[in-house]
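Read through the structure below, which is laid out as structure tokens, and then see the notes.
The values are calculated or read from the model by the stated rules, or taken from the named source; none is laboratory data. Model, not experiment: these values are computed from the prediction. Reconstructed Cβ throughout: ideal geometry from the backbone, glycine too, with neighbour counts over all protein chains shown.
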Amino acid sequence: MTRPLQAALRASLCATLLTGCWLGPPIRGDVELDLFPPAWFIATAFPFYFEGHSSYWYGNQWYYRDGGNWRSYRTEPGALRAARMSGGGARQYYGRGHAGNGRRR
């Protein structure tokens, strides 16, 4: 490859990279991570049924399945808040022995 061609390719590559950095999507400071209840939590949590599906209180937010995806409510529905405040929804323990000490009987 000749030097002028190498220089032109480098300049083109640099221009492409710089343009991509300047014209890329803006960086958001309020990034929201999609955290959803893990399988072990769903297996032991008591679901609250609301709007035809089971809802779970996890990470200070209500989650429910919508097909193959998890969704959450932007604001806590009044009926789910009342259910949560009533003290229901205790988790179940399915292991052997006493759940508190982690030892087998």
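Can you name the residue in segment 75-90 that is modelled with pLDDT under 90 and not small (Gly, Ala, Ser) and, of all such residues, is farthest from residue 48 (Cα to Cα)? Once the filter is applied, the top-ranked residue is 85. Candidates are the residues of segment 50-71 that are within 10 Å of residue 36 (Cβ to Cβ) and free of Cβ contacts under 8 Å to residues at least 12 places away in the same chain; the one that is surrounded by the most Cβ atoms within 10 Å (Cβ to Cβ) is 71. Of the residues making up segment 34-75, those that are within 18 Å of residue 86 (Cβ to Cβ), of a type in the set (A, V, I, L, M, F, W, C) and under 12 Å from the mean Cα position of the chain (by Cα) number 1.
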